[in-house]
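Single-structure report; data block below.
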C-alpha cells in the first residue's frame, strides 16, 4: 500500500513491506525492530473484515480445472477405500458369510440346524424330518438340518459378489463420507456449513438405523413367515444361496436408503418448498405411500413384512414433522398447531 510523507518542501512516496521499505524504485531492507518501521506499521490503516474476507477468497479461489482435479482425487480415494474393503471382505469371506446367515438361522429356530453341507434326499435339501437329515441334540432329541444350495454352476460367483459388495460398502461407507465431506466443505459458507454437518450426521444415522432394522427384524420376520406358510401347505423349503443373499442385500440397502425420507422432508421445509401445514394435511395418506414403498423395497408379498416396515416409517414421518416445526420456529415462520 502506497503512502506519502512530507519532508521539508518535498513529498516522498513510499511502499511499506514486511521486510523493508520501497521508496521510488529503490528498496531498502530494514529490520522490523527499527522504531521507524514500527511507527509506520502502527500508522498502517487496518483493512475491514469484508476486505480481509475478499483477500482470503482471492487467495483460495480455485479454477474449474482445479475443482475437476479435486473431484477426481475424491472419486479415486472413495474407489480405493471401497476396493480395499472388498479385498478385506474376500479375505475373510467365510466369517462375513456366516455373519450374514444370522437372519436365516434366527428364522429357522432352535429346532433346525443350519449346516454347510445339507444332506440330499431325492435330489433336494429340505427341512423334512428324514432320518438322514437330523442330528442329535444334547437332550437326546433330533435337530432337522437345513442349508443353502446353489442351483447353477455360476451361482456361487453371484454369492461371492453380493457378499463382497455388501460387506465392502458397509466397511468403506464412513471413509467415503469423510472424503466427500472434505470435497464439499471448503465451498460452503458458515451458514451452509452449519446445515451440512447435522444433515450428514443424520443421513448416516438414519441409514444405519434402516440397515439394522432390516437385518435384525425385517429380514428374519420375512423368512420366518415364509417358512411358516411353506410348512402350513406342506411344501419343501429349498432356498438357493444366491437368492437368499440377493434378498438380504436388496432389503438392507433399500430400507437404509428409504429411511432417508425424514431428512429430505426437513430439508424441503428448510428451503421453503414444504411446510408443516402440508405435512399435517398429508398425514392420513402417508400410510398408503409407506405400504407402496414396502411393496417395492421388500420382494416378499406377505402383509406382515408390509406392516413391519410401514410402522417405523410412520414414526419417522411424525419425527420429521416435529423437527420441521422446530426449524420453522428457528427461521421465524408461522408454525402450524
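Relative contact order of region 260-337: 43 percent, from C-alpha pairs under 8 Å at least 6 residues apart in sequence.
Ordered by the count of other Cβ atoms within 10 Å of each Cβ, fewest first, 285, 178 give 285, 178.
Report the far tail of the P(r) of region 133-261, meaning the percent of Cα-Cα pairs longer than 26 Å. Don't jump to the answer; show the numbers that get you there.
Numbers: 3720 of 8256 pairs.
Roughly 45 percent, once rounded to a whole number.
What does the extension gain come out to for residue 149 and residue 191, with contour length at 0.36 nm per residue minus their alpha carbon separation?
Stretched fully, the residue 149-residue 191 segment lengthens by 9.6 nm.
Residues in region 281-321, backbone N under 13 Å from the label point at residue 217 (7 Å along the Cα-to-beta-carbon vector): list them, ranges by number please. Under 13 Å, as judged by backbone N against the label point of residue 217, lie 305-317 of region 281-321.
With all distinct Cα pairs included, what does the Kirkwood hydrodynamic radius of region 260-337 come out to in Å, to one decimal, could you say? By the Kirkwood definition, the hydrodynamic radius is 13.2 Å.
The peptide list 184-193, 87-96, 216-225, put in order of mean Cβ contacts within 10 Å with the highest first, becomes 216-225, 87-96, 184-193. Full extension of the chain between residue 87 and residue 238 yields a length gain of 51.3 nm, computed as 0.36 nm times the residue separation minus the alpha carbon distance.
We did not get these values from a lab; they are worked out from the coordinates using the rules stated. Remember, predicted model here, so these are calculated numbers, not experimental data. Heads up, the Cβs are rebuilt from the backbone with ideal geometry, glycines too, and the neighbour counts pull from every protein chain shown.
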